[in-house]
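The values are calculated or read from the model by the stated rules, or taken from the named source; none is laboratory data. Remember, predicted model here, so these are calculated numbers, not experimental data. Cβ placement follows ideal geometry from the backbone for every residue including glycine, while neighbour counts extend to all protein chains displayed.
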Amino acid sequence: MSDAEKAPEALSGRKRLIPFIEAGLCAFALCLLTLIPALDALLRFFFRGRFPAAPELTAHILLVLGLVSGMITAREGSHLSIGLFQFIKTPKTRDALAVFTGLVSVFLTTIFGWCSLSFIKVGLYPTQIIGFIPDWIFALVMPAGYGVMAFRFARHTYKAAGAAPKAAALALPALAALLGTFCSLPALFKFIWGLDLPDAVWEVSDWFSAAAVLLRFPAVIILTVAALAGTPLFTVIGGFALILLQSSWGEIDITASQIYTALTQNSLIAIPLFTLTGFILSESKAGERLVAAFKSLFGWIPGGLIIVTVIICAFFTSFTGASGVTILALGGILMTVLSGYPEKFAVGLLTASGSIGLLFPPSLPILLVGASTRTNTVHLFLGALLPGIILAGATIVFGIAVSMKNKIPVEPFSPKKARKDLKNAVPELVLPLLLIGGYFSGILSLVEVSAAAVVYVLIVEMAVHREISPRSLAAVLSKSLPITGGVLSILALAQALSYYIVDSRVPEFFAQWMQDAVSSRWLFLLLLNVALLITGCLVDIFSAIMIILPLISPLGAVYGIDPVHLGIIFLINMEAGFLTPPVGLNLFLASYRFEQPFTVICRRVFPFLLIQLVVVLLVTYIPALSTALTALY
């Protein structure tokens with residue numbers, strides 16, 4: 001074989017090797033995040049000992065997982081975005097927007113990378129040891145990760161500019177990276193000289209701040225347009241943080257410091273672990289067993305299949321934290337279950353039911369609301385329980401009415417079949433009871449509960465049912481990583497923007513202004529509902545929790561609203577936002593999954609959106625629905 005023939009093979013081999021290494025690092029990190037808390041719990045429970053430096057070690061492993069999975073998500077083009085360009089049908093316009101969003105992403109991730117280098121140089125102590133590893137070793141994944149993301153965004157931009165001359169298609173991303181490097185000079189100066197900067201360098205840094213003051217409003221407009229055009233939300237959020245910090249004469253490498261702080265929070269370990277749990281369940285035949293069990297139990301009741309659908313959707317969403325995963329993973333099997341119903345009703349029901357599980361433990365958004373507002377997570381779980389039951393119940397009642405109107409036939413109840421199906425599904429049915437019991441009893445921490453969930457489902461699906469093989473487990477991991485990478489990337493940069501918002505005392509000023517402008521508590525709650533519905537249909541729930549919730553939390557105190565009640569109002573409004581046009585996330589995913597036009601999906605989900613809005617008003621204006629159970633705890 002000639003050298004010319006060998007070259008493409010070698011290049012192809014490298015292309016396969018890099019994804020393999022990245023996936024391997026993430027798999028290893030997930031294994032450690034599962035095993036270390038599990039071993040720590042066992043040592044504490046049986047031997048009254050501890051795994052050495054377990055919290056610190058797992059927190060820094062999360063940092064590695066967050067950046068590497070973010071790299072994978074960038075490679076797959078799966079970072080969360082708004083993407084109004086999906087409405088644009090002209091290919092040239094779509095390509096032009098893709099180039100624009102790609103250039104913005106390259107520019108911003110380049111800055112994140114240089115800021116990360118500066119942070120490692122001046123923000124970490126060389127003697128700080130995590131277990132037996134210096135923490136700067138872990139932190140090196142930050143500049144490496146954002147550098148790789150910048151390169152991958154540049155590659156996507158080059159492909160989108162395919163119609164342009166090759167030189168221009170190559171030059172545009174390079175210029176974006178060079179401009180990002182230029183705007184990173186204040187951070188690069190600190191990387192070169194440390195904190196002992198020469199006077200001339202301080203003057204240059206001051207010039208950047210003065211320029212940022214002039215460019216602040218144009219930059220905000222450009223970033224807003226970029227977000228609507230489809231730029232990954234984590235880069236846009238980070239861009240807002242950068243321009244606001246620089247224009248307030250702050251240091252832009254604070255952004256990297258806050259990324260490090262966010263991704264080394266021990267409580268966030270539950271996010272990738274519960275996400276992995278949900279994907280293992282969805283990739284096995286757990287869904288089929290649960291459907292069979294609930295169908296045997298409720299199939300004889302008019303509307304029993306509606307009960308089955310709502311419960312199954314809530315079960316899976318509560319673990320993955322992503323309603324879209326439920327729609328994509330279970331849409332097919334549940335459409336088969338609902339085959340006797342009118343198609344428009346079945347599609348609407350599945351689209352709406354995908355988000356109900358966000359109000360049931362161990363919902364990841366509830367965990368983040370607790371961390372963001374420093375509200376007791378147990379109280380939030382209890383506070384969300386009644387609203388979740390009411391929402392699920394209202395959806396079921398509507399479904400039963402449709403069943404009776406269309407005279408959907410029921411299946412005769414068979415005790416023998418019910419026992420058999422229930423027996424097959426017992427391991428999955430027991431899972432939430434074990435986890436809730438372990439957490440609410442105080443025996444296990446939140447991280448240990450999430451690790452226990454992964455261990456349990458692996459044993460059930462690999463050893464008991466033998467539906468997940470080691471090879472297929474790798475495929476499950478690869479499917480879960482874009483969700484993990486997308487969510488953690490957003491949380492990391494949202495922490496930076498949240499830092500600026502809190503440090504600038506924006507929530508306090510906003511609360512004072514609102515108190516002066518709106519005296520009625522009930523009017524405030526109505527305005528809050530409207531604002532959150534708009535937010536929910538434009539911004540993903542994880543970004544909103546980290547950025548919007550800190551703004552409204554002080555308002556809750558001003559108007560005498562219980563923190564648990566405010567948190568549940570926030571969550572249930574965001575849940576309804578998933579179904580609200582023009583960019584409700586579930587609407588797009590359902591359009592993709594059921595292969596129907598977006599406008600058709602909007603019409604079919606409208607009755608369920610009305611139901612959710614009614615429940616939103618009930619939860620908003622009857623505080624006892626959110627606080628009654630917490631008072632008993």
Fill in the blank from the handout: The number of residues in region 549-597 that are part of a loop (DSSP other than H, G, I, E, B) and modelled with pLDDT under 85 is 10
Practice task
Please go through region 25-50 and pick out each residue that is under 22 Å from the mean Cα position of the chain (by Cα) and either free of Cβ contacts under 8 Å to residues at least 40 places away in the same chain or assigned by TED's automatic domain parsing to the domain that holds residue 65 (or both).
Solution key: 28, 29, 31, 32
Exercise for the section: Could you give me the residue pairs with C-beta distances under 9 Å whose first residue belongs to region 355-375 and is under 19 Å from residue 437 (Cα atoms), whose second residue is among the hydroxyl-bearing types (Ser, Thr, Tyr) and part of a loop (DSSP other than H, G, I, E, B) wherever it lies, and which are 6+ apart or on separate chains? Expected result: 357/363
Practice task
Please note which helices (runs of 4 or more DSSP H) are completely contained in region 136-254 and include at least 3 residues that are within 27 Å of the chain's Cα centre (by Cα) and farther than 27 Å from residue 92 by Cβ.
Solution key: 141-160, 233-247
Exercise for the section: Output yes when any residue across region 529-537 is at pLDDT 85 or above, crowded, with 22+ Cβ neighbours inside 10 Å and farther than 19 Å from residue 364 by Cβ, and no when none is. Expected result: no
Problem - Residue check, residue 518 under 30 Å from residue 250 (Cβ atoms) and out of contact with any Gly (no Cβ under 9 Å at 6 or more places or on another chain) - result: no
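Residues being more than 30 Å from residue 158 (Cβ to Cβ) and either free of Cβ contacts under 8 Å to residues at least 12 places away in the same chain or of a type in the set (Val, Ile, Thr) (or both): count how many of those fall in region 176-205.
Start the filter on region 176-205 by keeping residues that are more than 30 Å from residue 158 (Cβ to Cβ), which leaves 189-190, 192-205.
Filter again for either free of Cβ contacts under 8 Å to residues at least 12 places away in the same chain or of a type in the set (Val, Ile, Thr) (or both), leaving 192-193, 196-204.
Selection size over region 176-205: 11.
For every residue, the table says whether it meets (1) within 30 Å of residue 186 (Cβ to Cβ); (2) among the aliphatic types (A, V, I, L, M).
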residue	(1), (2)
228	yes, yes
233	yes, yes
255	yes, no
276	no, yes
Exercise for the section: Look at residue 273 and say whether it is modelled with pLDDT of 85 or more and in the same structural domain as residue 453 (by TED's automatic domain parsing). Expected result: yes
Practice task
Please find, among 103, 62, 97, the residue that is part of a helix (DSSP H, G or I) and under 28 Å from residue 185 (Cα atoms).
Solution key: 103
Problem - Set 425, 453: member being at pLDDT 85 or above, under 18 Å from residue 363 (Cβ atoms) and surrounded by 14 or more Cβ atoms within 10 Å (Cβ to Cβ) - result: 453
Problem - Given (1) closer than 28 Å to residue 241 by Cα; (2) surrounded by 15 or more Cβ atoms within 10 Å (Cβ to Cβ); (3) among the aromatic types (Phe, Trp, Tyr), number of the condition residue 513 does not satisfy - result: (2)
Problem - From the options 280, 221, 252, 237, residue that is touching a Cys at 6+ places or on another chain (Cβ under 9 Å), among the aliphatic types (A, V, I, L, M) and not assigned by TED's automatic domain parsing to the domain that holds residue 38 - result: 252
Handout entry: Residue that is surrounded by the fewest Cβ atoms within 10 Å (Cβ to Cβ) [pool: residues in region 40-56 that are of a type in the set (A, V, I, L, M) and closer than 18 Å to residue 444 by Cβ]
Key = 42
Exercise for the section: For region 496-510, enumerate the residues that are surrounded by fewer than 16 Cβ atoms within 10 Å (Cβ to Cβ), touching a Gly at 6+ places or on another chain (Cβ under 9 Å) and hydroxyl-bearing (Ser, Thr, Tyr). Expected result: none
Exercise for the section: Only residues that are surrounded by 15 or more Cβ atoms within 10 Å (Cβ to Cβ), closer than 30 Å to residue 378 by Cβ and among the β-branched types (Val, Ile, Thr): list them for region 596-621, please. Expected result: 611, 615, 616, 619, 620
Problem - Pairs, first on the phi > 0 side of the Ramachandran plot in region 224-239, second modelled with pLDDT under 90 and among the aromatic types (Phe, Trp, Tyr), C-beta under 6 Å, six or more apart - result: 230/85
Practice task
Please specify each residue of region 354-395 satisfying the condition of being in a helix (DSSP H, G or I), of a type outside the set (A, V, I, L, M) and closer than 25 Å to residue 494 by Cα.
Solution key: 357, 365, 370, 372, 373, 377, 379, 381
Completion exercise
Given the conditions (1) within 23 Å of residue 504 (Cβ to Cβ); (2) surrounded by 20 or more Cβ atoms within 10 Å (Cβ to Cβ), every one holds for residue 541 apart from (1)
Practice task
Evaluate the following for residue 120: is it outside any loop (DSSP other than H, G, I, E, B), more than 26 Å from the chain's Cα centre (by Cα) and surrounded by fewer than 19 Cβ atoms within 10 Å (Cβ to Cβ)?
Solution key: no
Practice task
May I ask you to verify whether residue 211 is out of contact with any strand residue (DSSP E or B) (no Cβ under 6 Å at 6 or more places or on another chain) and buried (at least 17 other Cβ atoms within 10 Å of the Cβ)?
Solution key: no
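Which is over 30 Å from residue 30 (Cα atoms), within 30 Å of the chain's Cα centre (by Cα) and not assigned by TED's automatic domain parsing to the domain that holds residue 35, of 399, 438?
399
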Problem - Residues satisfying the stated conditions in region 230-248, i.e. of a type in the set (Ser, Thr, Tyr), over 12 Å from residue 82 (Cβ atoms) and crowded, with 24+ Cβ neighbours inside 10 Å - result: 235
Exercise for the section: For residue 227, work out the one condition from (1) modelled with pLDDT of 85 or more; (2) surrounded by fewer than 24 Cβ atoms within 10 Å (Cβ to Cβ); (3) small (Gly, Ala, Ser) it doesn't fulfil. Expected result: (2)
Practice task
Check whether at least one residue in region 53-62 is among the aliphatic types (A, V, I, L, M) and modelled with pLDDT under 90, and report yes or no.
Solution key: yes
